[in-house]
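> Quick one: the structure is below, questions incoming.
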Amino acid sequence: MATSHADILIEEICTHLEPFNATVDLSRYPGEHAEHASAVIGKVDTIKDFNSPIRSATRDYETIILQDVLHLHTFPLKLLQLVYRSLENSAEVIIIQSNGAIETSEIEALLEKAEFRAANTISDLIEGYDVIVAKKMHMWGNGL
């Protein structure tokens, strides 16, 4: 998960994933971050600015969540391309953005350019936020 403000969402994710023995790696971009203590949290990286990418290896994650990062990042397309390479085959990216921070159609266009497929926008899942989910589909697009 990459975020510009670690908040209650991380707590909720960790609580949900605990029974599954999952791990959440956290990349914290500049912003206000609440501290979270959970056995689910693995590595925590501090990203120095919005020019920098997240740190990850190829095919390292099953899901990556970008929370209020994409609209602030200097190179949003490059960030999404890195996310694409960091995901396992048939994995997904979840983008959570404050309503109005960036048009959802613009996010969906960026996802398409980065080779993500089946983008869906959910506007009423989290109050005040748009949630956009897209898939990296094995053997589609770059097929990495």
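> List the number of the failed condition for Ile47; all other conditions in (1) surrounded by 14 or more Cβ atoms within 10 Å (Cβ to Cβ); (2) more than 22 Å from Ile132 (Cα to Cα); (3) in contact with a His (Cβ under 9 Å, 6 or more places away or on another chain) hold.
Unmet for Ile47, out of (1) surrounded by 14 or more Cβ atoms within 10 Å (Cβ to Cβ); (2) more than 22 Å from Ile132 (Cα to Cα); (3) in contact with a His (Cβ under 9 Å, 6 or more places away or on another chain): (3).
> Of all residues in the stretch 61-100, count the ones that are out of contact with any strand residue (DSSP E or B) (no Cβ under 8 Å at 6 or more places or on another chain) and in a loop (DSSP other than H, G, I, E, B). Steps first, please.
Initially, the stretch 61-100 is screened for residues out of contact with any strand residue (DSSP E or B) (no Cβ under 8 Å at 6 or more places or on another chain), giving 72-78, 81-82, 85, 100.
Keeping just the survivors that are in a loop (DSSP other than H, G, I, E, B) gives 72-75, 100.
Looking only at that region, the number is 5.
> While we're looking at this one, here's another question. Does Ala37 satisfy the criteria of being among the hydrophobic types (A, V, I, L, M, F, W, C), open to solvent by 50 Å² or more (accessible area, probe 1.4 Å) and either free of Cβ contacts under 8 Å to residues at least 24 places away in the same chain or outside any loop (DSSP other than H, G, I, E, B) (or both)?
On the way: among the hydrophobic types (A, V, I, L, M, F, W, C): yes; open to solvent by 50 Å² or more (accessible area, probe 1.4 Å): yes; either free of Cβ contacts under 8 Å to residues at least 24 places away in the same chain or outside any loop (DSSP other than H, G, I, E, B) (or both): yes.
It is true that Ala37 is among the hydrophobic types (A, V, I, L, M, F, W, C), open to solvent by 50 Å² or more (accessible area, probe 1.4 Å) and either free of Cβ contacts under 8 Å to residues at least 24 places away in the same chain or outside any loop (DSSP other than H, G, I, E, B) (or both).
One line per residue, one yes/no per condition, for (1) over 25 Å from Asp7 (Cβ atoms); (2) open to solvent by less than 40 Å² (accessible area, probe 1.4 Å):
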| position | (1), (2) |
| --- | --- |
| Glu62 | no, no |
| Ala91 | no, yes |
| Lys113 | yes, no |
| Leu125 | no, no |
| Ala134 | no, yes |
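> Can you say whether Glu32 is part of a strand (DSSP E or B), charged (D, E, K, R) and open to solvent by 100 Å² or more (accessible area, probe 1.4 Å), as far as the supplied structure shows?
Numbers: part of a strand (DSSP E or B): no; charged (D, E, K, R): yes; open to solvent by 100 Å² or more (accessible area, probe 1.4 Å): yes.
No: the conditions fail for Glu32.
The values are calculated or read from the model by the stated rules, or taken from the named source; none is laboratory data. Being a predicted model, the structure only gives us computed values, none of them experimental. Don't worry about glycine lacking a Cβ; one is built from the backbone with ideal geometry, like all the others, and counts go over all protein chains shown. Keep in mind that these areas ignore ligands, DNA and RNA; they rest on the heavy atoms of the full protein, side chains included. Shrake-Rupley method; radii C 1.70, N 1.55, O 1.52, S 1.80 Å.
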